[in-house]
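Remarks on the structure that follows.
Bear in mind that the values in this text are calculations on the coordinates, not laboratory data. Since we're looking at a predicted model, the values are computed, not measured. Note that each Cβ is placed from the backbone with ideal geometry, even for glycine, and that neighbours are counted across all protein chains shown.
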Amino acid sequence: MQRPRRSRRLSRLTVRAENTRRNGQTAADEGGADCGWLWDRLACRAKAFEVEADCLADRGSYPARHMPVTVDEVRALAATLPRSYEAHVRGYVKFRIGQIVYLSLAPDGSKMGCGFPKEFRQAAVEAEPEKFSLPSESDMRFNWIHVTLTAIDLEEMRDLVEGAWSRAVPKYVAEEYASARGYF
């Protein structure tokens, strides 16, 4: 019986998170925002996926495809985040903190644009081109990526939205939210 494969993106993020924690570095040391709790959460999620894959391999069944994410689910999550508010610009639904846009939903509801580190953008697109795409040439200067909503599940959407939000708010707000949600 063949063992289910782990997502390449989760594998890379797990290795990156473990190396970062092992070396005592943070994303801020590499010029990014310090979101250590996000790395820890991604590593924990990848390990949980490994355990689930092992259990399913023993039983001979594979995980069912998760339901695609809807625009209403994204809006509901973004509306609950501290300091976040919704704005409508030329048919797009955008979520902001002050004047900083961290999330944008296409008018047809097929794509979501969100804040994402430039350093990992190309790797994400190469690893899973069905999920991620690069922004337009003029937007490449921003920390931004496009995501196809039908290709991601609820947990991936939560990780992306909370990650984009955490890069836009002050560090202490993100840490308070993370500790309240039990991410530490």
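Please list, in order along segment 132-148, the HN-Hα scalar couplings obtained from phi with the Karplus expression 6.51 cos²θ - 1.76 cosθ + 1.60 (θ = phi - 60°), rounded to whole Hz, x for Gly and Pro.
Once rounded to whole Hz, the list reads 10, 9, 6, x, 4, 4, 5, 9, 5, 6, 9, 7, 8, 8, 9, 10, 7.
Rounded, prolate or oblate: pick one for segment 71-170, where a ≥ b ≥ c are the square roots of the eigenvalues of its C-alpha gyration tensor, a/c under 1.5 means rounded, and failing that, prolate if a/b is larger than b/c, else oblate.
Because its axes are fairly even, with a/c under 1.5, segment 71-170 counts as rounded.
Show me the trypsin sites (Lys or Arg not before Pro) within segment 112-151 that DSSP assigns to loop and that have at most 13 other Cβ atoms within 10 Å of their Cβ.
Arg141
Go through segment 91-103 residue by residue and turn each phi into a ³J(HN,Hα) via Karplus (6.51, -1.76, 1.60, θ = phi - 60°); whole Hz please, and just put x for glycine and proline.
Per-residue couplings from phi come out as x, 8, 9, 10, 10, 10, 10, x, 9, 8, 8, 10, 8 Hz.
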